[in-house]
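Heads up, the thing below is written out as structure tokens.
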Amino acid sequence: MKVSLNKKILDKNEECAMQNRAFFAENNIVCINVISSPGSGKTTILSRTILDTKKEIKIGVVEGDIKTDTDAEKIRTTGAPAIQIETKGACHLSAEQVEKALSAIPAKELDIIFIENVGNLVCPSSFDLGEKKRVVVLSVPEGDDKPTKYPGTFAKADVILINKMDLIDYIDFDLDKVLSEINRLNPGADIFQISATRGDGLDEWYNWLKSVK
Ligand SMILES: Nc1nc2c(ncn2[C@@H]2O[C@H](COP(=O)(O)OP(=O)(O)OP(=O)(O)O)[C@@H](O)[C@H]2O)c(=O)[nH]1
Ligand SMILES: [Mg+2]
Ligand SMILES: [Zn+2]
């Protein structure tokens, strides 16, 4: 009973995700779903990316949060359009919520729409939102065991950003172990080691964005 209900929810989500995907394709928009634990630096990375690439890429953001619209407000201070979806308790975004949010930003004028998913390494990875690419952020203070503990999320990423590299000398984080574990789970993923606050590694990330837009 429970299994079939979950299946129905996923089927409905899949149908709506297909519609979103068609909308993005028709309008030459690259949609990127950003997934991570709470506090890994998603909003900081997106804000800095918008400011640094403003001349070349038109970016908009759909923000998912259980409550509050502080992240969308932060994004708007960069000048980019942003809309907040309050999930009212749900720990992931659905394709339907994204579809509704798209009408609140000038989507057709944008090159890239980022969706900042709810901070959670478990279920967001099971919900297709119609995105073209998936980015997973892992920050150094979270610990080097996260790819092993949440393999499904890391296995489905196109890009893995290892953020807060400025803290690596202060924290027991075995970078070689993380890189080899990601490589085992997802050999095709591009991995960029960055610091969104200090700026390390961001040019490679921006080059990747320019290559997909
Ligand atoms: N040292 C350091 N701190 C960072 C870096 N990137 C982000 N932070 C800090 O990490 C904290 C969380 O950053 P956010 O960007 O809000 O993280 P988030 O993933 O959007 O968080 P949620 O939306 O709550 O899931 C803030 O205090 C940031 O300033 C980094 O590269 N280095
Ligand atoms: Mg955030
Ligand atoms: Zn969930």
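Read-outs throughout are calculated quantities, based only on the coordinates presented, and are distinct from any laboratory measurement. Note that this is a predicted model, so its numbers are computed, not measured. We place every Cβ from the backbone using ideal geometry, glycine too, and count neighbours over all the protein chains shown.
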Rounded to whole Å, √(5λ) for the Cα gyration tensor eigenvalues of region 2-212, largest first, gives 25, 21, 16
Looking only at lysines whose Cα falls under 26 Å of residue 54's and that sit 8 or more positions away or on another chain, we get 42, 74, 100, 108, 132, 133, 164, 210, 213
Per-residue Cβ contact counts at 10 Å, fewest first, order 206, 170 as 170, 206
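Tell me, 43, 153 in order of fewest to most beta-carbon neighbours within 10 Å?
Ascending number of Cβ neighbours within 10 Å: 43, 153.
Taking R0 as 41 Å, what FRET efficiency do you get between residue 122 and residue 73 from their Cβ-Cβ distance, rounded to the nearest 0.05?
Details: r = 27 Å, r/R0 = 0.66.
Given R0 = 41 Å and the Cβ-Cβ separation, E is 0.95.
Can you pull out the trypsin sites (Lys or Arg not before Pro) in region 1-109 that DSSP calls coil and that have at most 11 other Cβ atoms within 10 Å?
Passing sites in region 1-109 are 55, 67, 88.
Within 10 Å of each candidate Cβ there may be at most 13 other Cβ atoms; applying that plus a DSSP loop requirement, which GluC sites (Glu not before Pro) in region 1-89 survive?
Values: sites: 14, 15, 26, 56, 63, 73, 86; in loops: 56.
Listed in order of number, the matching sites are 56.
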Fewest to most Cβ atoms within 10 Å: 118, 137, 212, 61 sort as 212, 118, 137, 61
Relative contact order of the chain (C-alpha contacts under 8 Å, at least 6 apart) in percent is 24
Region 32-150: relative contact order from alpha carbon pairs under 8 Å, six or more residues apart, as a whole percent, is 40
Note, residue 111: beta-carbon cut-off 10 Å, +1 each Lys/Arg, -1 each Asp/Glu, net +1
HN-Hα couplings for region 12-19 via Karplus (6.51, -1.76, 1.60; θ = phi - 60°), in whole Hz with x for Gly/Pro, come out as 5, 4, 4, 4, 5, 4, 5, 5
Distance in nm between residue 52 and residue 170 label points, each 7 Å along Cα→Cβ, equals 2.0
